[in-house]
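As structure tokens, the structure follows; a few thoughts come after it.
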Amino acid sequence: MPLVVREMALEEVGLVIDYFHRSTPEHLETLGVDPTRLPGRREWRGRYDAEYDKPLEQRATLLVIWEEDGAGVGFSTADKIVHGEQAHMHLHVVDEQRRGSGIGAACVRKTVALYFEALKLRRLFCEPNAFNVAPNRALQSAGFRYVKTYKTVPGPINYHQAVTRWVIEAEPPTATA
Ligand SMILES: CC(C)(COP(=O)(O)OP(=O)(O)OC[C@H]1O[C@@H](n2cnc3c(N)ncnc32)[C@H](O)[C@@H]1OP(=O)(O)O)[C@@H](O)C(=O)NCCC(=O)NCCS
């Protein structure tokens, strides 16, 4: 069955919250996530309730679900959104068994198209931990361009770490009359 990549409904955000709360310390380490910085489940859900109340143009985050055979197998989130300009994306196949099968790169390609359309983007960044091979390879495979490797605190749930910045840009307008 083909992959379905679509905006996540509010009732489905538990996929994201459960994924992080159920991850092992080792997996969170791979992601560059500090477990002590994860919001509690109820607080996290409350934040999404508030986000989903806002019009798309004012959202701080946009959530996308990846479905295969009708089941949610992964997700992406966009944050640091400047509507009409740029955003940052994150990528996760939740079922470990399905990783490495080409599903991540395929879903990233579809997700990029969704973000560009919904957020009217000119460019989209992704900054995985520099030592986390899978997303770095998947992004390159999905058409992202390497920008640089540097140290930063990528987001509120992360610790200070080396990340790799990747970017994908909207096609410049062609000069056809
Ligand atoms: C990152 C992730 C979404 C990629 O999806 P995936 O289904 O595993 O990746 P794909 O099978 O589409 O592989 C894409 C490319 O990465 C390579 N790759 C994937 N996993 C790899 C691994 N563990 N080691 C080395 N290369 C790997 C594949 O060989 C493929 O390369 P190619 O295009 O040269 O053939 C998935 O691995 C995942 O969810 N990982 C855990 C969460 C995570 O690390 N998220 C990143 C946070 S920013």
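Here, each number is a calculation from the coordinates, and none is a lab measurement. Since we're looking at a predicted model, the values are computed, not measured. FYI the Cβ positions are ideal-geometry reconstructions off the backbone, even for glycines, and counts take in every protein chain you see.
Between the range 84-100 and the range 53-80, the alpha-carbon centres lie 10 Å apart.
With the simple model of a label 7 Å out from the Cα in the direction of the Cβ, residue 159 to residue 131 spans 1.0 nm.
Treating only the Cβ of Lys, Arg, Asp and Glu as charged (+1, +1, -1, -1), what charge dipole size does the chain show about its Cα centre? Round to the nearest 20 debye. Can you show the working numbers first?
Values: 22 positive and 23 negative charges, 120 e Å.
Result for the chain is approximately 580 debye, rounded to the nearest 20.
Among 163, 4, the ranking by other beta carbons within 10 Å of each residue's beta carbon, starting with the fewest, stands as 4, 163. The range 17-97 has equivalent-ellipsoid semi-axes of 22, 16, 14 Å, by the square roots of 5 times the alpha carbon gyration tensor eigenvalues, sorted largest first. When 44, 66 are arranged by Cβ crowding within 10 Å, least crowded first, meaning fewest neighbours, the order is 44, 66. Global dimensions of the chain from alpha-carbon coordinates: Rg and Dmax equal 15.9, 56 Å. Candidates 116, 142, 104 compared by Cα position along the dipole of the range 104-147: farthest toward the positive end lies 116, with charges placed on Cβ. Approximating the spin labels as points 7 Å out from Cα along Cα→Cβ, the residue 27-to-residue 169 distance works out to 3.6 nm.
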